[in-house]
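Q: This is the structure, below, for whatever I ask next.
The values are calculated or read from the model by the stated rules, or taken from the named source; none is laboratory data. Keep in mind that what you see is a predicted model, and the values were worked out from it rather than measured. Methodologically, a virtual Cβ is constructed for each residue, glycine included, from the backbone with ideal geometry; neighbour enumeration extends over all protein chains shown. For the accessible areas, the whole protein counts, side chains as well, though only heavy atoms, and no ligand, DNA or RNA atoms are used. Shrake-Rupley method; radii C 1.70, N 1.55, O 1.52, S 1.80 Å.
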Amino acid sequence: MALRPEPLPPRPEPLPPRPEPLPPRPARPAENHSHGALLAKSESLVRREADGDPPAPFLDGQRYYEQGLYKEALKRFEKIKDTDFQAMYQLGVMYYDGLGTKKDPERGVEYMNKILNSDSPEANHLKFAAAYNLGRAYYEGCGVKHSTEEAERLWLTAADNGNPEASVKAQSALGMLYSMPFLKDLKKAFFWHSEACDNGNLESKGALGIMYLYGQGIRRNSKTALEYLRKATELGNTYAQGHLVEYYYTRKFYSKAAALAKRATANDDINMIANRTDCHPTYIAKGAAMAAFYLARCLQLGQGTEKNKRAAAKYYSKACHLDPAVASHLELAANLGRI
């Protein structure tokens, strides 16, 4: 289960009012997006504060961070980490994932522990996210010794009984965790995916569709399954798309299966999809592999689309590249006449 960090939670109090925006400028040439140009632009933004007042130190670093100028962000966060918990949080993420610096997961874990164990009110709004990130470290065995039990404990803390203001990532991660063979409890998995879905998590929305479809942790309900899978697919969940393609194909709705599979396999950039949807790259690849395999099958047999053996071979190859285990499983099912 590939995991992504919890983004910086917002402060509970409202931000100060922003200055009145400048009137729109005339059209100008396309911007230069080189590293140097982005850095110059960010520095210009830092200087252009109302009445010439300097920005808050954290916001200075955050501007660089949001533009992907991690080295510059790191320098500014380092200067204020002892007095600003938000800067400490961002540094924890950056050291753990190696953003703008060499990976140092032990240091990332140290900063998250400081936030979680702090008595300062300034750290309170960061604690659920810090607990999620620490659970991630224990689950991955990165920066600390691997411990599924400790990951579970920390994620339960971060999930806070489904509180929408807590870590929704932790709620979804618990749904995934309780679906794993070594800790299988599908009723708990269904509960946590339901909580995360209600709180807006796209990954869990797709997972609920699959659980309803196969009766995992809940009574089977194809109508409800399709509602979840279709909605998750509309929102960009590739894993849900793959299962929806499979649903259409196995029920001989070949035209629907082929059309949806083409859309699901159109984008090869798994990381870009992960950044846009916040879904796990591993499951994105699995869903795309399922779609590619069924599209290949449609093309090979002329089901729902014009027969094209060359294109079929291309998509079979693509399925193997995306996820060899998924492709192998489906190939065996095809050879046995199950699909």
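Q: Restricting the search to segment 181-194, which residues are surrounded by fewer than 24 Cβ atoms within 10 Å (Cβ to Cβ) and under 22 Å from Thr277 (Cβ atoms)?
A: The answer is Phe190, Ser194.
Q: Kindly state which helices (runs of 4 or more DSSP H) lie completely within segment 142-239 and contain at least 1 residues that are under 30 Å from Arg107 (Cβ atoms). Break it down into steps so the answer makes sense when it comes.
A: Details: elements: 148-159, 168-177, 186-198, 202-214, 222-234.
The qualifying helices (runs of 4 or more DSSP H) are 148-159, 168-177, 186-198, 202-214.
Q: If you don't mind, there's one more thing I want to ask. Can you confirm whether segment 148-156 contains a residue that is under 14 Å from Leu8 (Cβ atoms) and open to solvent by less than 40 Å² (accessible area, probe 1.4 Å)?
A: No, every residue in segment 148-156 fails to be under 14 Å from Leu8 (Cβ atoms) and open to solvent by less than 40 Å² (accessible area, probe 1.4 Å).
Residue-by-condition table, conditions (1) in contact (Cβ under 8 Å) with a residue 40 or more places away in the chain; (2) assigned to a helix (DSSP H, G or I); (3) in the same structural domain as Ser204 (by the TED database); (4) of a type in the set (Lys, Arg):
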{"site": "Met290", "(1), (2), (3), (4)": "yes, yes, no, no"}
{"site": "Tyr294", "(1), (2), (3), (4)": "yes, yes, no, no"}
{"site": "Thr305", "(1), (2), (3), (4)": "yes, no, no, no"}
{"site": "Tyr315", "(1), (2), (3), (4)": "yes, yes, no, no"}
{"site": "Lys318", "(1), (2), (3), (4)": "yes, yes, no, yes"}
{"site": "Ala325", "(1), (2), (3), (4)": "no, yes, no, no"}
{"site": "Ala334", "(1), (2), (3), (4)": "no, yes, no, no"}
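Q: If you don't mind, another one. What pairs come out if I take residues in segment 74-90 that are in a loop (DSSP other than H, G, I, E, B) and pair them with residues that are at pLDDT 95 or above whose C-beta lies under 7 Å away, six or more apart or interchain?
A: Lys81/Ala87; Lys81/Met88; Lys81/Leu91
Q: Where residues in segment 206-223 are open to solvent by less than 50 Å² (accessible area, probe 1.4 Å) and closer than 13 Å to Tyr247 by Cβ, which of them is farthest from the chain's Cα centre (by Cα)?
A: Top of the filtered list is Ser222.
Q: Right, next: Determine which single condition Gly337 fails, assuming it passes every other condition in (1) open to solvent by 40 Å² or more (accessible area, probe 1.4 Å); (2) over 20 Å from Lys256 (Cα atoms); (3) at pLDDT 95 or above; (4) over 17 Å from the mean Cα position of the chain (by Cα).
A: (3)
Q: Here's a follow-up. With respect to the numbered conditions (1) within 27 Å of Cys320 (Cβ to Cβ); (2) part of a helix (DSSP H, G or I); (3) among the acidic types (Asp, Glu), which one is the sole condition not fulfilled by Asp268?
A: It is condition (2) that Asp268 fails.
Q: Related question: Right, Asn113: in a helix (DSSP H, G or I) and without any contact (Cβ under 8 Å) to a residue 24 or more places away in the chain or not?
A: Working: in a helix (DSSP H, G or I): yes; without any contact (Cβ under 8 Å) to a residue 24 or more places away in the chain: yes.
Answer is yes for this residue.
Q: Take segment 195-205 and flag every residue that is in contact (Cβ under 8 Å) with a residue 40 or more places away in the chain and crowded, with 24+ Cβ neighbours inside 10 Å.
A: Once the filter is applied, which keeps residues that are in contact (Cβ under 8 Å) with a residue 40 or more places away in the chain and crowded, with 24+ Cβ neighbours inside 10 Å, segment 195-205 yields only Glu203.
Q: Mind checking whether some residue in segment 124-146 is exposed (fewer than 15 other Cβ atoms within 10 Å of the Cβ) and under 20 Å from the mean Cα position of the chain (by Cα)?
A: Yes, some residue in segment 124-146 is exposed (fewer than 15 other Cβ atoms within 10 Å of the Cβ) and under 20 Å from the mean Cα position of the chain (by Cα).
Q: Now, a different point. Can you name the condition, by its number, that Gly68 falls short on among (1) among the small types (Gly, Ala, Ser); (2) over 20 Å from Leu116 (Cβ atoms); (3) under 21 Å from the mean Cα position of the chain (by Cα); (4) in a helix (DSSP H, G or I)?
A: (4)
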